[in-house]
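In what follows, a single structure is set out as structure tokens and then discussed.
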Amino acid sequence: MKKWIKVLAVLAIIGIIAAVLVFKFVYNKPHPDFEKKKADYSLMAKELYESYKMDETAAADKFNGKVVEVSGTLSKVETSGELVIAVFEFEDGMFGPEGVRVTMLPNQNDALKAVDITGEIVLKGFCTGYNGVDVIIEKGSLVN
Amino acid sequence: MRISVVLIFALLFSINNSFAQKYMTKNGHIRFFSSTPLENIEAHNRQVNSALDVSTGDFVFKVLIKSFEFEKALMQEHFNENYMESDKFPNASFNGKVTNISSITHTKDGTYNADVEGKLTIHGVTKDIKEKGTFTVKDGVIQGFSKFNVKVADYEIKIPGAVVNNIAESIEVTVDVKLEKL
């Protein structure tokens with residue numbers, strides 16, 4: 001076989017491998033595993049809520065898009081379709097109680113439902129921000 | 001004295017009555033869908049805050065941009081970092097009115113057409129919109145539904161040339177909120 005054909009064949013194989021790797025690890029890369037991710041911040045749920053109430057911009061710069069671990073006593077566990085939401089309520093607003101809402105990862109739903117909500121709880125998840133009423137944390141998981 | 005007591009009760013009743021006219025949800029659903037010959041992209045946000053005052057027709061919703069979920073992590077990353085700049089503009093909102101609220105009987109089961117108009121803010125840009133939808137009343141719950149299109153360019157969302165053929169110029173937005181009495 002001529003040398004240039006061999007070179008072309010090797011280049012083609014390298015190209016195919018590169019394309020497969022890009023497809024798998026870049027285009028099709030998995031979503032972050034928030035259950036395993038280390039928290040960027042750990043604080044009381046009430047502190048987190050008050051941070052946004054006091055200075056929304058500063059709190060957003062600090063917490064939005066970060067993995068946040070919050071602790072406190074839950075007010076209730078809410079179910080909405082397939083979502084299970086841990087709710088910390090701190091004050092009444094124009095549209096009812098306001099606080100921190102943690103939407104759990106699907107594999108954490110049963111664990112949260114089984115928790116005794118009268119005790120202190122620690123939850124971790126991805127903070128998406130403050131919507132003017134509540135601080136929203138998603139992909140939540142139980143830490144304790 | 002007696003008149004004062006009557007007035008206080010009347011005031012309390014009117015406040016209570018005005019609260020009874022508000023319906024809301026914290027788990028509304030907004031989906032957007034982009035369709036091009038190269039690929040379809042869709043995202044869902046199930047953390048939509050929405051409120052409707054059936055006495056005035058005031059209708060609002062607010063969404064956190066980072067709460068939109070995509071099938072592919074890379075798309076979600078690009079959506080937040082490159083297109084919507086969600087660190088700079090963390091929310092999108094609608095603030096408006098159901099202009100034909102008087103023709104919607106919130107106490108009677110049924111499906112009613114709704115004319116909605118107001119200000120839609122996305123990516124820090126506010127535009128007046130006028131859309132149609134439905135409100136379905138069932139067992140005291142009002143389900144609001146609307147499907148409309150939003151032009152990406154209207155909200156100054158810049159799509160890089162490399163992916164300009166992958167993202168539609170007009171995105172289909174579906175709003176589905178189940179509003180319960182406050």
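The values are calculated or read from the model by the stated rules, or taken from the named source; none is laboratory data. This one's a predicted model, so the numbers in the text were calculated from it and none came from an experiment. Virtual Cβ from ideal backbone geometry, glycine too; neighbours counted across all protein chains shown.
Where in the range A:18-136 are there helices (runs of 4 or more DSSP H), lying fully within it, with 3 or more residues that are more than 9 Å from every other protein chain (Cβ to nearest Cβ) and over 30 Å from B:Asp53 (Cβ atoms)? Show your work before the answer.
Working: elements: A:45-54, A:56-63, A:109-113.
Hits in the range A:18-136: A:56-63, A:109-113.
Conditions tested, residue by residue: (1) on the phi < 0 side of the Ramachandran plot; (2) within 15 Å of the chain's Cα centre (by Cα); (3) at pLDDT 95 or above.
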| residue | (1), (2), (3) |
| --- | --- |
| A:Ala58 | yes, no, yes |
| A:Phe63 | yes, yes, yes |
| A:Phe90 | yes, no, yes |
| A:Gly96 | no, no, no |
Q.
If B:Ile142 satisfies all but one of (1) more than 28 Å from A:Thr128 (Cβ to Cβ); (2) surrounded by 15 or more Cβ atoms within 10 Å (Cβ to Cβ); (3) not charged (D, E, K, R), what's the number of the condition it fails?
A. (1)
(Q) Need pairs with beta-carbon distance below 8 Å; first residue within 12 Å of another protein chain (Cβ to nearest Cβ) and within the range B:73-85, second in a helix (DSSP H, G or I) and modelled with pLDDT of 95 or more; sequence gap 6+ or separate chains. (A) B:Asn80/B:Ile65; B:Asn80/B:Lys66
Q.
I need the full set of residues from the range B:51-107 which are over 15 Å from B:Val175 (Cα atoms) and β-branched (Val, Ile, Thr), in order please.
A. B:Val54, B:Thr56, B:Thr99, B:Ile101, B:Ile104, B:Thr105, B:Thr107
Q: Please specify each residue of the range B:158-175 satisfying the condition of being out of contact with any Lys or Arg (no Cβ under 7 Å at 6 or more places or on another chain) and either modelled with pLDDT under 95 or not hydrophobic (A, V, I, L, M, F, W, C) (or both).
A: B:Lys158, B:Ile159, B:Pro160, B:Gly161, B:Ala162, B:Val163, B:Val164, B:Asn165, B:Asn166, B:Ile167, B:Ala168
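Results for (1) closer than 16 Å to A:Tyr130 by Cα; (2) crowded, with 17+ Cβ neighbours inside 10 Å, shown as yes or no for each residue.
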site	(1), (2)
A:Asn28	no, no
A:Lys38	no, no
A:Tyr49	yes, yes
A:Thr57	yes, no
A:Ala60	yes, yes
A:Val68	yes, yes
A:Ser71	no, yes
A:Thr79	no, no
**Q.** Number of the condition not met by B:Lys147 [criteria: (1) loosely packed, with under 12 Cβ neighbours inside 10 Å; (2) within 17 Å of the chain's Cα centre (by Cα)]
**A.** (1)
Q | Test: residue in the range B:72-82 that is among the aromatic types (Phe, Trp, Tyr) and within 18 Å of the chain's Cα centre (by Cα) | A | no
